Structures are given as C-alpha cells and as structure tokens.
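Let me begin by presenting the structure, written as structure tokens, before commenting on it.
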Amino acid sequence: MNLVFLGPPGAGKGTIASQAKKHYGIPHISTGDLFRNHIKGETDLGKQVKAILAGGDLVPDSITIAMVKERLAEDDAKNGFILDGFPRTIAQAEALKMMVQLDAVVNFELGREQVIKRLSGRRMCKSTGRIYHLTYDPPKREGIDDETGEALIQRDDDKPEAIEHRLDVYLEQTEPLISFYKREGLLVDVDASPSPNNVMAQMVSVLKG
Ligand code: AP5
C-alpha cells in the first residue's frame, strides 16, 4: 500500500504512522525525521536546513524532492510506504506523481486550537524519536524517556512563535493539496481529534484493511 499522510502540524501523523507501519508492514518515511537526522548527524544537508526547520519554514522543493526520491528507491519501500509530511507543496505533489502511483492520501483533520495544544505539549526522545505529550501521553517519569532513560526534549519548532508560523505555512502552501488529491480521487478524510486508537481504527476502516 502506497500511502501519503496529509494534515496540519501536530495532527498526529507521526503517532498514527508508528501504529500503521506495523499494521500494514510498510516503512514510515517522515521527511521531518529525515531532515532532523541530517541535522543530528551534522551533514552538509543538515547544516543547510537547520535554521529553516527551527523557524518553521519549508525546505526548498528541489532539496526535498531529491531526498524523497532517493529514500523511495531503497529496498524496503518497494512493497509500499507511508509518506508522512511529503508532499507539502503542489510542486512536490507533481514530482511524486512522476515517481510512484499512490493508493490513498489520508487527510488528518484537526482544528487550530487543538493543534496548538498538541504541539506545545509535545516532547520527544532525541535518540529514538519516540513522541510523548505532557498531558495526553506522558512518560512514566516526568521528563524522562521510558526506554532509554534519556532526558526528553522540546523541538525548536514547537516553541509558540514557530507553531503559529508553521500553521500559516500549512494553510498557504500545503492545504491546497486537499483539493489537488480530491481531484485525483485519492483523498480520504479522517477525524484526528479522538484518541490515537480511535483515529487508527477510522483509518483502517476507510482504507478497508
Ligand atoms: P514535520 O516533522 O513533518 O512536522 P509537521 O508536519 O509539522 O508534523 P509534526 O511532526 O509536527 O506533527 P504530527 O502530525 O506528526 O503529530 P504527532 O504525531 O507528533 O516537519 C518539520 C519541518 O521539516 C517542517 O516545518 C519543514 O521545515 C521541514 N519539512 C518536512 N517535510 C517537508 C517537506 N515536504 N517540504 C519542505 N519542508 C519539509 O503528534 C503531536 C502531539 O500530539 C504529540 O505530542 C502526540 O503525543 C500528541 N497526539 C497525537 N495524536 C493524538 C491524539 N489522537 N490525541 C491526543 N494527543 C495526540
């Protein structure tokens, strides 16, 4: 199954993808995670995009498309994938259309107020990428990852001023993809406001499997 997860920042795309990758037995490819790994590894690409991510702007299309093309060519993506956070612009969607045939684009719907609550309370383990929420999914010990015992961090782009900017960028550049994929007959809407298990169940039901 070739899937794209679409939706505002903080809608829960990464959270659902971590369940869905096991359910469907396909890799979770998050462009945000790929960029963050480059930043952590201090690669040339990482140095180039660090400030862009921290401010909540989009990385230029040419860089992002080349990175995704390379990732989709890897063996584990041959039998399907979940693309999380890509495409985010019409140019990226057009480029993806030339690379692969999609089965569905899942549109996670969540209002602005809930997005802000989810992002401002998100914490993560830097080494494993595991995601928590201070209220909705707290770690067993405050500020500490359950598995590694490392201190949890807040992403730079989860600070209040970056959150507002990311939402504006989403509305301007990414939301038009909803109409794009509706026209392509690929869009399925999922209400992202209930619990992760409920959201996952809705998605499985709408994808029929
Ligand atoms: P990226 O990492 O993709 O960020 P995003 O799209 O803004 O998405 P998030 O990771 O913030 O949210 P999510 O929907 O995965 O929510 P999560 O599951 O974590 O991109 C980061 C940056 O990289 C971009 O700003 C850009 O600079 C660059 N970039 C990436 N892709 C790009 C592209 N294609 N082109 C150009 N630039 C690109 O959940 C959020 C919180 O809510 C968590 O704390 C979680 O525990 C909680 N939660 C989740 N679901 C629920 C639920 N159902 N109920 C209660 N709480 C929940």
So, in segment 68-112, of the ones that are under 18 Å from the mean Cα position of the chain (by Cα) and among the basic types (K, R), which residue ends up nearest to F35 (Cα to Cα)? R71
The residue that is nearest to M1 (Cα to Cα), considering only those in segment 94-108 that are within 13 Å of the ligand (Cβ to nearest atom) and touching a strand residue (DSSP E or B) at 6+ places or on another chain (Cβ under 9 Å), is V106
Looking at segment 191-198, is at least one residue under 18 Å from the mean Cα position of the chain (by Cα), closer than 18 Å to D103 by Cα and either aliphatic (A, V, I, L, M) or at pLDDT below 95 (or both)? no
Just checking, which of A162, A201 is among the small types (G, A, S), part of a helix (DSSP H, G or I) and farther than 27 Å from L53 by Cα? A201
Looking at (1) more than 8 Å from the ligand (Cβ to nearest atom); (2) surrounded by 15 or more Cβ atoms within 10 Å (Cβ to Cβ); (3) in a loop (DSSP other than H, G, I, E, B), can you tell me which one I82 breaks? (3)
Can you give me the number of residues within segment 20-57 that are in contact (Cβ under 8 Å) with a residue 60 or more places away in the chain and surrounded by fewer than 17 Cβ atoms within 10 Å (Cβ to Cβ)? 6
Applying the selection to segment 103-129, what residues are in a loop (DSSP other than H, G, I, E, B) and surrounded by 17 or more Cβ atoms within 10 Å (Cβ to Cβ)? L110, G121, C125
So in segment 130-172, with the set limited to residues that are more than 17 Å from the chain's Cα centre (by Cα) and of a type in the set (A, V, I, L, M, F, W, C), which one is nearest to G10 (Cα to Cα)? L134
Any idea which of T89, T148, T135, T128 is in contact with a helix residue (DSSP H, G or I) (Cβ under 6 Å, 6 or more places away or on another chain) and either without any contact (Cβ under 8 Å) to a residue 60 or more places away in the chain or within 8 Å of the ligand (Cβ to nearest atom) (or both)? T89
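The values are calculated or read from the model by the stated rules, or taken from the named source; none is laboratory data. Just so we're clear, the structure is a prediction, and the values are computed from it rather than from any experiment. Glycine also receives a Cβ, built like all others from the backbone with ideal geometry; neighbour counts cover every protein chain displayed.
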